[in-house]
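J.: Let me give you the structure first, and then I'll get to my questions.
Each value in this text was obtained by applying a stated rule to the coordinates, not by laboratory testing. Being a predicted model, the structure only gives us computed values, none of them experimental. Heads up, the Cβs are rebuilt from the backbone with ideal geometry, glycines too, and the neighbour counts pull from every protein chain shown.
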Amino acid sequence: MAGGKTLASGELLELDVDVLVPAALENQLTADNAARVRARVVLELANGPTTAEADAILHERDVLVIPDVLANAGGVTVSWFEWLQNRAGVYWTLQEVHEKLAARMRTQCHVVQSRMQTSGTPMRTAAYAVALERLGSALCAGGTAADFARRQ
């Protein structure tokens with residue numbers, strides 16, 4: 001290729017860029033290469049592209065990792081919108097779906113970012129903490145196994 005250079009996939013992850021977007025394979029950022037990542041932000045569009053060890057290294061180096069569970073949530077959210085519409089027998093326009101998705105994603109990003117800042121944890125840990133709290137609240141609202149055992 002004229003004027004171009006062929007890079008190995010490992011070299012690609014270590015380029016001097018503002019945002020690195022691993023978007024295809026899992027376990028691409030590892031303990032072996034995380035210290036050489038020069039991006040200030042990693043936006044995970046693949047499922048699980050960063051190992052737990054690499055996540056810790058990147059956090060220590062003040063690299064913001066926007067985890068796949070947040071960055072990839074749009075498709076799952078729209079699937080949930082479809083389920084809601086089917087259950088209610090209503091149908092939204094494409095513009096309504098886009099507006100609702102943008103509003104929900106914006107809100108959830110703020111929630112996770114706020115948790116990350118108050119706890120000093122990586123964004124992934126903050127996202128998991130928020131999710132676990134919500135799951136705990138939902139379980140308690142519906143009753144726990146102990147509650148059901150007492151009712152029998």
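J.: Would you mind computing, in nm to one decimal, how far apart the modelled labels at GLU53 and LEU139 are, each placed 7 Å from Cα along Cα→Cβ?
T.: The answer from the label model is 3.0 nm.
J.: Over the chain, one equal point on each Cα, no solvent: what is log10 I(q)/I(0) by the Debye formula at q = 0.21 Å⁻¹?
T.: Taken in order of the listed q values, log10 I(q)/I(0) reads -1.26.
J.: Here's something else I'd like to know. Report the charge-dipole magnitude of the chain in Debye, nearest 20, computed about the Cα centre from +1 at each Lys and Arg Cβ and -1 at each Asp and Glu Cβ.
T.: Dipole magnitude for the chain comes out near 580 debye.
J.: Quick one: if you stick a label point 7 Å off each Cα along the C-beta vector at ALA23 and ARG40, how many nm between them?
T.: Result for the modelled spin labels: 2.1 nm.
J.: For the chain, set up a Gaussian network in which alpha carbons nearer than 10 Å are linked by springs, and say which option among LEU135, LEU25, LEU101 fluctuates the most.
T.: LEU135
J.: Report the Cα-based extents of region 74-141 along its three principal axes, largest first, to the nearest Å.
T.: Extents along the principal axes, in whole Å: 42, 28, 15.
J.: Next question. Would you mind estimating how fast region 18-73 diffuses translationally, via Stokes-Einstein at 20 °C and 1.002 mPa s with the Kirkwood radius over Cα pairs, in µm²/s?
T.: Values: Rh = 10.7 Å.
After rounding, the answer is 200 µm²/s.
J.: What FRET efficiency do you get for SER114 and LYS5 if R0 is 30 Å and r is their Cβ-Cβ distance, rounded to the nearest 0.05?
T.: 0.10
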